[in-house]
1. Find the residue count for region B:122-162, including only residues that are modelled with pLDDT under 95 and out of contact with any helix residue (DSSP H, G or I) (no Cβ under 8 Å at 6 or more places or on another chain).
2. With the requirement that a residue be part of a helix (DSSP H, G or I) and surrounded by fewer than 19 Cβ atoms within 10 Å (Cβ to Cβ), what does region B:71-84 give you?
3. Would you pick out the residues in region A:141-153 that are facing another protein chain (nearest Cβ under 10 Å) and either among the aromatic types (Phe, Trp, Tyr) or surrounded by fewer than 16 Cβ atoms within 10 Å (Cβ to Cβ) (or both)?
4. Among the candidates B:Asp76, B:Asp131, single out the residue that is acidic (Asp, Glu) and within 14 Å of chain A (Cβ to nearest Cβ).
5. Suppose the filter is within 7 Å of another protein chain (Cβ to nearest Cβ), in contact (Cβ under 8 Å) with a residue 12 or more places away in the chain and closer than 25 Å to B:Ala85 by Cβ; does A:Ala156 pass it?
6. Which residue out of B:Arg148, B:Arg133, B:Arg154, B:Arg158 is within 27 Å of B:Gly29 (Cβ to Cβ) and either among the basic types (Lys, Arg) or not assigned by TED's automatic domain parsing to the domain that holds B:Thr33 (or both)?
7. Please enumerate the residues belonging to region A:65-98 that are β-branched (Val, Ile, Thr) and either modelled with pLDDT under 95 or over 16 Å from the mean Cα position of the chain (by Cα) (or both).
Number of protein chains: 2
Amino acid sequence: MVEQTRARRDSYTVDSLLAVTVRVFNDRGYDGTSMEDLSKAAGISKSSIYHHVRGKEELLRLAVGRALDGLFAILDETAASEGPAVARLEHVIRRMTEVLIAELPYVTLLLRVRGNTRTEQWALARRREFDHRVAEIVAAAEKDGDLRPDIEPRLATRLLFGMVNSLVEWYRPDKDGDPAQVIDALTHLAFDGLRAHAPRG
Amino acid sequence: MVEQTRARRDSYTVDSLLAVTVRVFNDRGYDGTSMEDLSKAAGISKSSIYHHVRGKEELLRLAVGRALDGLFAILDETAASEGPAVARLEHVIRRMTEVLIAELPYVTLLLRVRGNTRTEQWALARRREFDHRVAEIVAAAEKDGDLRPDIEPRLATRLLFGMVNSLVEWYRPDKDGDPAQVIDALTHLAFDGLRAHAPRG
């Protein structure tokens, strides 16, 4: 019981530190953030931070790792790994939008990673791997004849990701209301388009 | 003849200075760029730069102004102002994608503007005005019954803009080939969706 309480307390501290860190990284940029900035924003001493992590780069790794874990977990879901590729793709796009909204600051940080530290390079490589995994599903759905043949799979993937990822630029949970409405709208637009076809009536 | 030559030379200098400026602003961020950086990147003295513009903020205004002029000009085109709203919308989305590709560094800079200078505030206000003008066409097309009624016009506009604007994140003219293919793909995806409907063959 003592062990459990202690574990929970420690985990709470790392999680709340991470929440503050992500906010500061998103505001000032990773390069523009010092341990001093993090210490001030978190209201704890630098040595308290160093008690939990080795430094700024480890905080970045934990933060983007949270976003990446959320995204990669989607690919292991049954609906993403069994059945026709077009249905798997629709599931993945829907769930990506969900994860992006649920983990908004973490995915925002992930999508802004640009730099040359090992952690940033690792995050970029993982993002490319995720893109590649989804592009394979797009290609399979197109091969099945379930997607328009006139949009090249790699380009379709980029346009889909472009639309999903753009949410970090404009979606604000307090103003843009019900996530379910956004998720439905995005999925319908992506797969069936905006136009009101006669049969859809 | 002398006047003409001189006018051409002066205009060439401002344009080429602007091309260098936009590249540096996009690399380092507007705030992170000094007149010294611009002077080095352009290979001309600071006083030569001040011969043409009052300073960094005027360069920003000229650069984002170029992007905004390109976008607003679309709305004055006949195909954007006459005929059914759904056709006007399709024209606008297609032409936005064209302008974005043709003026890639300038639109990239425009989309990254965030700050508090008067010029940045002006650029943000003009962007909002453009978004609003397009949202009006979306609303009109939905009222005509030509767009799906289950996607709220403001949300549809944001998703469309998200997909178009995402091009600044991934489109590279040397690698991503024919702009026409990208423009067609984006327009088809946006209006008719990725799914291969039976009637479409």
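1. Final tally of qualifying residues: 0.
2. B:Phe72, B:Ala73, B:Leu75, B:Asp76, B:Thr78, B:Ala79, B:Ser81
3. A:Asp144, A:Gly145, A:Pro149, A:Asp150
4. Answer to the check: B:Asp131.
5. no
6. Just a single option satisfies the conditions, and that option is B:Arg158.
7. Across region A:65-98, the qualifying residues are A:Thr78, A:Val86.
Matching residues to (1) farther than 30 Å from B:Asp27 by Cβ; (2) touching a Leu at 6+ places or on another chain (Cβ under 7 Å); (3) crowded, with 19+ Cβ neighbours inside 10 Å:
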| residue | (1), (2), (3) |
| --- | --- |
| A:His52 | yes, yes, no |
| A:Asp69 | yes, no, no |
| A:Met96 | no, yes, yes |
| A:Leu100 | no, yes, yes |
| A:Arg112 | no, no, no |
| A:Glu129 | no, no, no |
| A:Ala139 | yes, no, no |
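The values are calculated or read from the model by the stated rules, or taken from the named source; none is laboratory data. All figures in this text were calculated on a predicted structure; none of them were measured in a lab. Note: ideal-geometry Cβ built from the backbone for every residue, glycine included; neighbour counts use all protein chains shown.
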